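The values are calculated or read from the model by the stated rules, or taken from the named source; none is laboratory data. The structure displayed is predicted, hence computed values, not measured ones. Note: ideal-geometry Cβ built from the backbone for every residue, glycine included; neighbour counts use all protein chains shown. The area values use the complete protein model at the heavy-atom level, side chains included, leaving out ligands, DNA and RNA. Shrake-Rupley method; radii C 1.70, N 1.55, O 1.52, S 1.80 Å.
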Amino acid sequence: MENTPFYFYDLDLLNQTLDSAMYATQLDNFHIHYAIKANNNKKILETIANKGFGADCVSGWEIEAAIEAGFPASSIAFAGVGKTDAEIAIALNRKIGMIHCESLEEILVINEMAQALNYRPQIALRLNPNVNALTHAKISTGLTENKFGLTVREFAELVTILDELNHVQIVGLHFHIGSQILDMTVFEKLSDRILEIVPQFERTLGPFTYLNVGGGLGINYENPTEGIIPDFEAYFETFRRGLAALNVPIHFELGRSLVGQCGSLITKVLYVKKSDDKNFAILDAGMTELMRPALYGAQHKIEKLGANHTENNLLYDVVGPICESSDRFAEGVELPELKRGDILTIRSCGAYAESMSLRYNGREAVGNNLKRTLLNTSLRMVKSA
Ligand code: LLP
């Protein structure tokens, strides 16, 4: 197979996953916004927009990409701890649905810029609820030690500047406590905290009409085939029960759970090398294409395409070509005997994989060429190989 490495996306699986998430919320006043940062591949954005999801954006570029892909501006929420003036201007000019604000200073800036445009955007306050997501430390965001959200102190101080805020409508709250969360009790705790905080909001800021509980639902990296569709029922049911006392629309920002399992990184074995006690499989993909293992110690299932995994297995360290020791996808993983030219698929790469790829070492942009437009052809190649 020529032209490796490339990202392959199974759009049928993506559609099934999206349908399953939609189905789990159909009877509720629940709105799912796709967190574009997980994967901003144009075809994927268009597929998700077509199904009627909203978008969760974290940069001006993402707002523009969302609109171009067909997400209505009114369905776009814009979050981020460090929005630039240029990005705020895009959000205001595009009249997006909601801006999630993370500091008092930011609210003042938005107020001033909105005043100059004679516009009064709706904003929600991102609060740090101090709930432990019980996930990897680098993807936890809801503890007071993290940089995200207004602190309890800033929330209290907001009252003192309310008179100055005539050009924003503060309509509700936003939370996001972390990612790759599989323990539903974490979301129960978040719901409990929300029920404590909402009355405080109403006392000082008036009617509460918007609640966004963020994203975070995890996927099965260990056994992707078994867990191919995440447990949306359990996730939404947790909030349905936990927040039953509230009578407002509830917004969700799911990234990984919507797109994670539909993508694989397809890569070729360049060389097989033996040391005294190890076999190295050196691939043509590295941390530049998929940085999750190097950055978080994340483990993705690696399979040899078309092989029967029960016979003649050997242990391999599967590494990339980049000049960094951390450029390693797996250590001591069992694989059928490998030789130069074999194709490997690295699974569960639909989220935070292509979108986090780098040009370090002068690497060509992965997937940013014909390969991306040949996705369906690639699927047939992958299946028939
Ligand atoms: N909303 C906010 C405010 C976020 O910061 C995130 C993710 C999401 C929603 C979507 O979360 P999800 O449903 O995908 O868990 N690069 C890391 C993940 C970083 C997540 C950043 N924020 C990784 O590869 O695991």
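General observations
- Counting only DSSP beta bridges whose two residues both lie in the chain, roughly 45 percent are antiparallel.
- Extending 7 Å from Cα along the Cβ direction at N247 and again at N15 yields two label points whose distance is 4.0 nm.
- Largest mean-square fluctuation among V259, V58, V198, in a Gaussian network model of the chain whose springs join Cα atoms under 10 Å apart, belongs to V198.
- Using a probe of 1.4 Å, the accessible surface attributed to R126 totals some 20 Å² when neighbouring protein chains are kept in position.
- Sorted peptide list for 37-48, 229-240, criterion being average Cβ within 10 angstrom, highest first: 37-48, 229-240
- Of the GluC sites (Glu not before Pro) in the stretch 289-345, those whose Cβ has at most 14 other Cβ within 10 Å and which sit in DSSP loop: E311, E324, E337
- Under 5 Å between amide hydrogens, built in the peptide plane, is the criterion, and for F329 it picks out V318, V319, G320 among residues at least 5 positions away or on other chains.
- In terms of accessible area, using a 1.4 Å probe and ignoring ligands and nucleic acids, H33, H136 rank largest first as H136, H33.
- Interchain or long-range residues, amide H under 5 Å from I170's placed H: I123
- Here the relative contact order of the chain, from alpha carbon pairs under 8 Å that lie six or more residues apart, stands at 19 percent.
- Classified by the C-alpha gyration tensor, the stretch 1-104 has an oblate form. Its axis ratio a/c, with a ≥ b ≥ c, is 1.5 or above, and a/b does not exceed b/c.
- Gaussian network model of the chain, springs between alpha carbon atoms under 10 Å - residue of S179, S275, S103 with greatest fluctuation: S275
- In this structure the amide hydrogen of F78, modeled in the peptide plane, comes within under 5 Å of the amide hydrogens of C57, M98, I99, H100, none closer than 5 places in sequence on its chain.
- Its Cα centre serving as origin, the chain has a Cβ charge dipole (Lys and Arg +1, Asp and Glu -1) of approximately 740 debye.
- Legend: residues E154, E253, sorted from most to least accessible area (1.4 Å probe; ligands, DNA and RNA excluded), read E154, E253.
- Here D56 sits with roughly 10 square angstrom of accessible surface, probe radius 1.4 Å.
- Helix runs (DSSP H) in the chain reaching 18 Å along axis by Cα, Kyte-Doolittle at least 0.5: 104-117
- Share, in percent, of DSSP beta bridges within the stretch 261-371 that are antiparallel, nearest 5: 85 percent
- Cross-link table K95/K189; K43/K83; K51/K189; K304/K339, entries beyond 22 Å C-alpha to C-alpha: K95/K189; K43/K83; K51/K189
- The stretch 270-320: relative contact order as a whole-number percent, Cα under 8 Å and 6+ apart: 46 percent
- Between A365, A35, A66, the Gaussian network model of the chain with springs among Cα atoms under 10 angstrom shows the greatest mean-square fluctuation at A365.
- Remark: relative contact order (the stretch 1-92) = 24 percent; criterion is Cα-Cα distance under 8 angstrom and separation of 6 or more residues.
- In sequence order, calculated HN-Hα J values of the stretch 207-213 (Karplus, 6.51, -1.76, 1.60; Hz; x Gly/Pro): x, 9, 10, 9, 9, 10, 9
- Order of exposure, largest accessible area first, which applies to H31, H176 with probe 1.4 Å: H31, H176
- Backbone phi angles across the stretch 123-136, fed through the Karplus curve with coefficients 6.51, -1.76 and 1.60 (θ = phi - 60°), yield HN-Hα couplings of 10, 10, 8, 7, 9, 8, x, 6, 10, 7, 6, 6, 10, 4 Hz in residue order; Gly and Pro are listed as x.
- With the helix formula -39500 (n - 2.57) applied to DSSP H stretches of n ≥ 4, the chain reaches a computed 222 nm mean residue ellipticity of -9500 deg cm²/dmol.
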